[in-house]
1. Please tell me if residue 110 is closer than 30 Å to residue 382 by Cα, over 25 Å from the mean Cα position of the chain (by Cα) and either surrounded by 15 or more Cβ atoms within 10 Å (Cβ to Cβ) or modelled with pLDDT under 90 (or both).
2. Can you tell which of 399, 371, 302 is within 30 Å of residue 268 (Cα to Cα) and either out of contact with any helix residue (DSSP H, G or I) (no Cβ under 7 Å at 6 or more places or on another chain) or touching a residue at least 40 places away in the same chain (Cβ under 8 Å) (or both)?
3. When residue 284 is evaluated against the numbered criteria (1) surrounded by fewer than 16 Cβ atoms within 10 Å (Cβ to Cβ); (2) closer than 28 Å to residue 172 by Cα; (3) touching a strand residue (DSSP E or B) at 6+ places or on another chain (Cβ under 6 Å), which criterion, by number, is the only one it fails?
4. Scan 296, 282 and give me the residue that is outside the structural domain of residue 394 (by TED's automatic domain parsing), closer than 14 Å to residue 258 by Cβ and at pLDDT below 95.
5. Can you tell me which residue is farthest from residue 138 (Cα to Cα) among those in the range 230-264 that are outside any strand (DSSP E or B) and modelled with pLDDT of 90 or more?
6. Mind checking whether some residue in the range 79-92 is assigned to a helix (DSSP H, G or I), in contact with a helix residue (DSSP H, G or I) (Cβ under 9 Å, 6 or more places away or on another chain) and surrounded by 15 or more Cβ atoms within 10 Å (Cβ to Cβ)?
7. For the range 191-216, which residues satisfy the criterion of being assigned to a helix (DSSP H, G or I), farther than 20 Å from residue 338 by Cβ and touching a helix residue (DSSP H, G or I) at 6+ places or on another chain (Cβ under 7 Å)?
8. Mind listing just one residue for me: the one in the range 131-174 that is within 19 Å of residue 306 (Cα to Cα) and in a helix (DSSP H, G or I) and, of those, farthest from the chain's Cα centre (by Cα)?
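The values are calculated or read from the model by the stated rules, or taken from the named source; none is laboratory data. Note that this is a predicted model, so its numbers are computed, not measured. With ideal geometry, Cβ positions are generated from the backbone for all residues, glycine too; neighbour counts draw on all protein chains shown.
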């Protein structure tokens, strides 16, 4: 059996060089917006800032300068860094092909498979970082697993008055007293009154944008002016952004998948399914239950409740039976929900309002995405692992306002 150290493509330094050369996945809006810094330990600390619009006072010539209190800082945030990793196994057949001459077809196929696997592992790791940033910015908190099965939740202290939810007949789409134009202006006014500036970005997905585009209030407003010169349906986001004065409207339709194996059998008609880890699942959406023993065999069920302590999902009654340890539950979610609008600015008083803090991990004290490998004796093969550790931090919670429209 060939040893991993003898295969150049599977040396740790080569793996990390290859992974670092793989282009970052397209999308990942928040990851591209904020910088990255290093923390010395796995305890992440940062200061929440309230902002200041004060001015330096007048004083008489020859008088001592008055002391200014540092009113921008009002609380320290602290949380353990989130650690995330996964691995893939390459068996002896694959490894023997990697020992073939580099010009051989077997080697080239094995190398291609390795490259695809490394790209997938990197993209999944990058998507986890984007998920953390999106949860912080859009929902104001994140939850994750830590040592000994503990689940941590970090609350980023976005003021409750910055989280507006429409109810009753005011909801968009079907509400008889709905008024999206007024709602958007109210949101913009709240933002301006809190931090004395206009939002730089307004984030929503295409489903929410559709509610705006086809709303009668918006249509009437456009009929009374030549705004947009008829481009509403060709370029709805920039037209509405200019019309409503809400900054750059960014359509964010990217998806992520929460996926976990069932740990217990599920019978026909059951309304509960136990998974390995429920931390990424959310109630109110749909999950797809896959029978992995057959191709294209699955069903969709609605999630009504989740017990994160026991990893049990309460779902609508199943019409098929499933086997624990073999079958899979998957939930596909958008980073920005269908009913959510967020206004924010990425900078305040010359500083970024958020960043991602990387924490050290492993005996070698690595920061950021790191790839390594380990040989397995029986069955013969090599595990390739990708890992990262860190936490997003939000310095100024007042720079974010959200609207739940339905």
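1. Criteria met by residue 110.
2. On the way: 399 fails: within 30 Å of residue 268 (Cα to Cα); 371 fails: within 30 Å of residue 268 (Cα to Cα).
Of 399, 371, 302, the one residue that is within 30 Å of residue 268 (Cα to Cα) and either out of contact with any helix residue (DSSP H, G or I) (no Cβ under 7 Å at 6 or more places or on another chain) or touching a residue at least 40 places away in the same chain (Cβ under 8 Å) (or both) is 302.
3. (3)
4. On the way: 296 fails: closer than 14 Å to residue 258 by Cβ.
Being outside the structural domain of residue 394 (by TED's automatic domain parsing), closer than 14 Å to residue 258 by Cβ and at pLDDT below 95 holds for just one of 296, 282, which is 282.
5. Step one: filter the range 230-264 for residues outside any strand (DSSP E or B), giving 230-247, 252-254, 263-264.
Adding the requirement that they be modelled with pLDDT of 90 or more leaves 252-254, 263-264.
Details: 252: 12, 253: 14, 254: 14, 263: 31, 264: 34 Å.
The selected residue is 264.
6. Step one: filter the range 79-92 for residues assigned to a helix (DSSP H, G or I), giving 92.
So of that shortlist, the ones also in contact with a helix residue (DSSP H, G or I) (Cβ under 9 Å, 6 or more places away or on another chain) come out as none.
Scanning the range 79-92, I find no residue that is assigned to a helix (DSSP H, G or I), in contact with a helix residue (DSSP H, G or I) (Cβ under 9 Å, 6 or more places away or on another chain) and surrounded by 15 or more Cβ atoms within 10 Å (Cβ to Cβ), so the answer is no.
7. Once the filter is applied, which keeps residues that are assigned to a helix (DSSP H, G or I), farther than 20 Å from residue 338 by Cβ and touching a helix residue (DSSP H, G or I) at 6+ places or on another chain (Cβ under 7 Å), the range 191-216 yields 194, 195.
8. Ranking the candidates gives 149 first.
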